[in-house]
Amino acid sequence: MILVLSAWEGKVTREESPEELLVRKTGDFLLQYCIYAVAKLGLADLLVDGAKGYEELARRVEADPRGVLRLLQRLSTEGIFAEVKAGCFGLTPSASLLRSGAWRERVIVWFEEWLPVEQQLLYTVKTGMPAFEYVHGTGFYEYAAKHPEFDADYEARMSELTRKVSTALLESYDFSGSNLVVDIGGGQGVLISSVLKTNPHLHGILFDRPSAIGGAKDFLEAEGVAGRCKTVGGDFFKVVPEGGDLYVLKWVLDDWLDNEACQILKNIRRSMNQQGRILIIEQLMPMDNQPSPAKSLDLLMMVQGRTRVRTEAEIREILERAAFETKRVIATQSTFSIIEAVPFSP
C-alpha cells in the first residue's frame, strides 16, 4: 500500500491496491440479497408504527426467527434498519424506502425480473443476442405489455430520471420561440409538464403507447397544465401527432436499431410544420477512455435489446438519413445532451 497525504482533509489515507479495487468493484452481492429478502418479506411495513423484536417479526412473516435476526443485524450495520436494543429493530430513512408503495415493489421487480437478465451478460457478449429475450422468452416491450407491474416500474424509473434532468434541460434550451411542443414517448408527462409550466404561452401533446400514458391525465391535472396538453396514445412507427413546431424525443432513439430510429424520425418529419424543429435528448457515448455513465447504460441496453448508446456522429448520421440537418449540440449540467435538428431545405 502507498500512503497518500490528503492535504484538504488533513489526514493520511491509503491508496487502494489493485486487489482491493477489484474486490470492491465486484460488490457485496450477499448484502444486495439481504435487501431483496426484507423487501420480499415486507418487514419494513411491520415497523411503521414502531420498533419490534425479531421473534414477533418472524412470526408475522412466517420465517425462521434466527434467520430474521441475522438478516436485520447485517442490514443494521449498513444503516438499513436500526437495532434499537438487543434483538429489537426499527426503521431508518433507508429502511423506510422498503415499505409497500415506496421502493418495495421496485426492489422485488429488479431482483426477480431484471437481475436474471444482467446475470446473462456473458450470453449476450458471446452471441450478440439480447439476454432479456433469452431469459424472458420475448422482447422488452412485448414483455412489458403483458406484465403491468413490470411496465409500471419501468415508467416510474423513467419519470424519476426525467425529474432529475428536466431542470438542466430547461436551463439549457430556450422554448420561447415555439407554440406547440409534441413530446414523443413522454410517458407520464414529467418533461412536457415542466416545459409547459416554465413557458405559459406553450401548448403540448403527450404521445406514447396507450399503456404508458394510462395515468398521465391525472398527473397533468395535478401539475396544472392539463388544459394546455393533450394526451394521445399510438405507435410512433406508424404515425405521430401532426402540427407541432417542436418535437421532443428524450431517451427514445437509443431504444431502437438504426433503421427503426430512422423510421421514427421520418414519421416526425412528415407530421411537423415546415419550420419545425426536433430535439433529441440523449446520453452520448464519449470517444475517449474517460469515465462516463453512458458506458454503464450501454451495457444495460445491450442485454435488454439490440440497441446501444450512440456517439454524436452516429446520431447525426441517422438524422441525415431521415432528411434532418443537425443545427447544434448543447451540453447540459446533467449527463444528457440536446441535439437540435431541422428538416433539410427543399
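The values are calculated or read from the model by the stated rules, or taken from the named source; none is laboratory data. Everything quoted here is computed from the prediction, not taken from an experiment. Cβ: placed from backbone, ideal geometry, glycine included. Neighbour counts: every protein chain shown.
Anything in region 149-183 that is over 17 Å from the mean Cα position of the chain (by Cα), in a helix (DSSP H, G or I) and of a type outside the set (Gly, Ala, Ser)? List them, or say none.
Across region 149-183, the qualifying residues are 170, 171.
I'm trying to understand the selection: among the residues of region 245-259, which are at negative phi and either surrounded by fewer than 16 Cβ atoms within 10 Å (Cβ to Cβ) or at pLDDT below 95 (or both)?
Passing the criteria: 245, 250, 252, 253, 254, 255, 256, 257, 258, 259.
Being modelled with pLDDT of 90 or more and either of a type in the set (Phe, Trp, Tyr) or assigned to a loop (DSSP other than H, G, I, E, B) (or both) is the filter here, so list the residues in region 268-285 that pass it.
Result: 272, 276, 283, 284, 285.
Which helices (runs of 4 or more DSSP H) sit wholly inside region 15-106 and have at least 3 residues that are closer than 28 Å to residue 148 by Cα and over 23 Å from the mean Cα position of the chain (by Cα)?
29-41
Please tell me if residue 42 is within 29 Å of residue 156 (Cβ to Cβ) and touching a residue at least 40 places away in the same chain (Cβ under 8 Å).
yes
So in region 179-208, with the set limited to residues that are touching a residue at least 60 places away in the same chain (Cβ under 8 Å) and out of contact with any Lys or Arg (no Cβ under 8 Å at 6 or more places or on another chain), which one is surrounded by the fewest Cβ atoms within 10 Å (Cβ to Cβ)?
That would be 179.
Pick from 297, 196, 265: which is assigned to a helix (DSSP H, G or I) and modelled with pLDDT under 90?
Going through 297, 196, 265 in turn, just one is assigned to a helix (DSSP H, G or I) and modelled with pLDDT under 90: 297.
Return yes when residue 122 is of a type outside the set (Phe, Trp, Tyr), farther than 20 Å from residue 144 by Cβ and in a helix (DSSP H, G or I) and no when it is not.
yes
Quick grid of which residues meet (1) out of contact with any Leu (no Cβ under 9 Å at 6 or more places or on another chain); (2) over 20 Å from residue 248 (Cβ atoms); (3) surrounded by 17 or more Cβ atoms within 10 Å (Cβ to Cβ); (4) among the hydroxyl-bearing types (Ser, Thr, Tyr):
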{"residue": "275", "(1), (2), (3), (4)": "yes, no, no, no"}
{"residue": "284", "(1), (2), (3), (4)": "yes, no, yes, no"}
{"residue": "302", "(1), (2), (3), (4)": "no, yes, yes, no"}
{"residue": "305", "(1), (2), (3), (4)": "no, yes, yes, no"}
{"residue": "327", "(1), (2), (3), (4)": "yes, no, no, no"}
{"residue": "336", "(1), (2), (3), (4)": "no, no, yes, no"}
{"residue": "341", "(1), (2), (3), (4)": "no, no, yes, no"}
{"residue": "345", "(1), (2), (3), (4)": "yes, yes, no, yes"}
